[in-house]
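Novice: Got a structure here, written out as structure tokens. Questions coming.
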Amino acid sequence: MCGITGLYAFNLVGRMHVVNLANATLALESRGPDFQDMYHDEHVGLGHRRLSIIDTSNQGHQPMTDPSGRYMIIFNGEIYNYKTLRKNLEASGVNFRSETDTEVLLQAYIHQGKACLQDLQGFFSFAIYDKKEERLFLARDRFGIKPLYYLIDGDKLLFASEMKAMIPYGISKEIDMEALYTYLQLNYIPAPLTIFKQVKKLLPGHCIEISTEEFTVSKYYNPETPEFETTDRENLKKTLQEKLEAAVHKRLVADVPLGSFLSGGIDSSIIAALAVQQKPDLRTFSIGFKDQKYFDESEHANAVARHLGTNHQTFSLSTKDLYNEVHHVLDYIDEPFADSSAIAVYLLSKVTRNEVTVALSGDGADELFGGYNKHRAFHRSIHPGIFEKMVGGMGPLWYMMPKSRHSPFSDKFRKLYRFSKGMNMSARDRYWAWAGFASEQEVKKLIRADFGNENYTTFKEEWLEPLLHPDPMNGVLDTDIGLVLPNDMLTKVDLMSMAHGLEVRVPFLDHDLVEWVRALPSEYKVNRHSGKLLLKETFKSLLPESIHKRPKHGFEVPLRHWLTHEMKSLVFDDLLSKTTITQQGIFNYQEINALKRKLFSLNPGDAHARIWALVVFQWWWRRFGQ
């Protein structure tokens, strides 16, 4: 795992930006604390920060060249099947100088070109330069586990693993209003948009080819969805077990200490259960909040660890410990991103990195198998009964009830109100409403700038295109895989783990497994009462019975309490004060003031999430946006 950045210059003006390469590379220090190096010539500058995982010797340093000196690579990620690819290349006469997957990737590209991407099993963003042809090739993995930002204009192409490494090149900081508009609805910015108008995110499964004469962005991964062959449930369970076992096995290869996150939920517990079968000394890690029982899942994680016999470590923290990290998280976020559970992931990554360099996680299972509460709600809305129709007609009642995420009672009313609104919408509008925290109308009132939504509408249509799936529930899951997974969940894990130089691997996103699961009819994934049906059935015997009976519980933090107590002065007297908002000229203060009042009311709803999005934006604005 590493950080990459670089440029391709079309002319003399573009070449002048190579003077910024050192600072851009240094900005990625936390992603690669072990080594830094750079290369530049007439057309290209390449910078790399290394986190040593496979072949930790100097032979793995980057930028790395082939023996001829014609090709050069900088690479962020891991190729799990590199040993198989290496054998095939050796059989073709290739001699290797290192034991790294980086050199294997470079040689695969030399021999196959762009077609090599189809053979890669892993997660990655990388750049390969052909000095002879003066061509640069960049690619991002199939599901967007690793990020890649880029900017193209008449003088140059710039690229980097994080936005903070784009800024040293002196890029324009004009705000993309479509990105801001979307962010204030979803609390994250989906690709290809970024907060800056000129900068884009390369979409998952896409690559860039560039020379002095051309620039193309193309999609190399079109997920294969084989036709589902009806078979008995036992055969399906056997296939799922084999595929997930293989996915975990691939991700246990490392020349540094490796462990696994263990939250006490189904997903991470299954990954730990499969990993410990292959690695008996597996270390597992979780965090618990001793003074916030509603958010504390450490007892469940401890029960799973005892059952599996892992070498388990629980970091028992207070909410004060958690709060003490808030400013560090805000400092690290280089593009507005307001999923508040990132704070907990940041802290878990921090304490885990003290013990291991690589950690497995259960990310991706919810999107694949329908594990979120909203998925059961979608199923009920698609197949409504008397109860659903009754709830949908009682919107005014739910509107009047206290609604908040921070107690079981008020959270129930919050969900009933959201469900009642969704029941009266089209499938597209329902998905968009349940994906976010604010309506388009609410955001229009919040932003002062005159917003033109033609391009926004086009992007939204593309993001929601998977909803056209003939199986409506699978359409919802496919939309989550393309929208929520790479832009929220995987972004969160990448940012917060890389802040500490921790590599996180996600077995559920093995592309062979993903393609197989996507082909399953949704009846094997979600019904009105539960999600992850086949997954739970398959691995039921591996886990304690109590884990299977637990309701879904998100990785949340006491955000409303902080905003109304510890952070109150910072938020209300500074970041969101009338003076600050008026001078900034982006937001309508009357709408912000209304959100403040709602936060302190008996019916706060999602006001805390919307205010948090504004806090994150304001903090980012002061550090990076001006």
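The values are calculated or read from the model by the stated rules, or taken from the named source; none is laboratory data. The structure presented is a predicted model; accordingly, all values stated were derived computationally and were not measured. Please note: Cβ atoms are built from the backbone with ideal geometry, for glycine as well, and neighbour counts cover all protein chains shown. These accessible areas exclude ligands, DNA and RNA; they are computed on the full protein's heavy atoms, side chains included. Shrake-Rupley method; radii C 1.70, N 1.55, O 1.52, S 1.80 Å.
Novice: Heavy atoms of the protein only, probe of 1.4 Å, neighbouring chains included. What is the accessible area of Glu367 in Å², nearest 10?
Specialist: 0
Novice: Sticking with this structure for a sec: Taking only protein heavy atoms and a 1.4 Å probe, what accessible area per residue, in Å², does the stretch 43-84 have with all protein chains in place?
Specialist: Per residue, the stretch 43-84 has an accessible area of 28 Å².
Novice: Give the accessible surface of the stretch 118-220 per residue, rounded to a whole number of Å², with probe radius 1.4 Å and ligands, DNA and RNA excluded.
Specialist: Solvent-accessible surface per residue comes out at 27 Å².
Novice: Return the calculated 222 nm mean residue ellipticity for the chain, to the nearest 500 deg cm²/dmol, obtained by summing -39500 (n - 2.57) across DSSP H runs with n ≥ 4 and dividing by the residue count.
Specialist: -11500 deg cm²/dmol
Novice: I would also like to ask the following. Explain nothing, just compute: Karplus ³J(HN,Hα) = 6.51 cos²θ - 1.76 cosθ + 1.60, θ = phi - 60°, for every residue of the stretch 470-487 in order, whole Hz, x for Gly and Pro.
Specialist: Computed from phi, the couplings for the stretch 470-487 are x, 9, x, 5, 5, x, 5, 5, 5, 5, 4, 5, x, 10, 6, 4, x, 8 Hz.
Novice: Okay, next question. Sorted by accessible area (1.4 Å probe), largest first, how do Tyr524, Tyr417 line up?
Specialist: Tyr417, Tyr524
Novice: Straight-line reach from Lys131: which lysines fall under 21 Å, measuring Cα to Cα and dropping same-chain residues less than 8 apart?
Specialist: List returned: Lys114, Lys156.
Novice: Of all accessible surface on the chain at a 1.4 Å probe, what whole percent is carbon and sulfur?
Specialist: Carbon-and-sulfur percentage of accessible area, whole number: 49.
Novice: In this model, which of Lys320/Lys598; Lys219/Lys532; Lys201/Lys598; Lys421/Lys596; Lys87/Lys146; Lys173/Lys415 are farther than 32 Å apart at the alpha-carbon?
Specialist: Lys201/Lys598; Lys173/Lys415
Novice: Name the shape class, rounded, prolate or oblate, that the alpha-carbon gyration tensor gives for the stretch 296-356, where a ≥ b ≥ c are the square roots of its eigenvalues, rounded holds for a/c under 1.5, and otherwise prolate holds if a/b is larger than b/c and oblate otherwise.
Specialist: Judged from the Cα gyration tensor, the stretch 296-356 comes out prolate (a/c at least 1.5, a/b above b/c).
Novice: Here's a follow-up. So what's the net charge close to Arg528: Lys and Arg +1, Asp and Glu -1, counting the other residues with Cβ under 12 Å from its Cβ?
Specialist: Result for the neighbourhood of Arg528: 0.
Novice: Any idea of Leu85's accessible area? Nearest 10 Å², probe 1.4 Å.
Specialist: For Leu85, solvent-accessible area is about 20 Å².
Novice: Let me ask something else about it. Give the Rg/Rh ratio for the stretch 437-556, taking Rg as the radius of gyration of the Cα atoms and Rh as the Kirkwood radius, to two decimals.
Specialist: Dividing the radius of gyration by the Kirkwood radius yields 1.03.
Novice: OK, next. Sort the stretch 249-379 into rounded, prolate or oblate with this rule: let a ≥ b ≥ c be the square roots of the eigenvalues of the Cα gyration tensor; rounded if a/c is under 1.5, and if a/c is not under 1.5, prolate when a/b is larger than b/c, oblate otherwise.
Specialist: Rounded.
Novice: Assuming R0 = 41 Å, what is the FRET efficiency of Lys197 and Asp321, from their Cβ-Cβ distance, to the nearest 0.05?
Specialist: Efficiency for this residue pair is about 0.60.
Novice: Here is a further query. Is the C-alpha gyration tensor of the stretch 409-449 telling us rounded, prolate or oblate? Criteria: a/c under 1.5 is rounded; beyond that, a/b larger than b/c is prolate, otherwise oblate.
Specialist: Oblate.
Novice: Whenever you get a sec, line up Thr314, Thr194 from highest to lowest accessible area (probe 1.4 Å, protein heavy atoms).
Specialist: Reading off the accessible areas and sorting them downward yields Thr314, Thr194.
Novice: Normalized C-alpha radius of gyration of the stretch 200-269, against 2.2 N^0.38 Å?
Specialist: That works out to 1.75 for the stretch 200-269.
Novice: Could you check the spin-label model distance between Glu42 and Glu245? Points 7 Å from the Cα along Cα→Cβ, value in nm.
Specialist: Taking the simple label geometry, Glu42 and Glu245 are separated by 5.7 nm.
Novice: I want the antiparallel fraction of DSSP beta bridges within the chain, as a percent rounded to 5.
Specialist: Taking every DSSP beta bridge with both residues in the chain, the antiparallel ones total about 75 percent.
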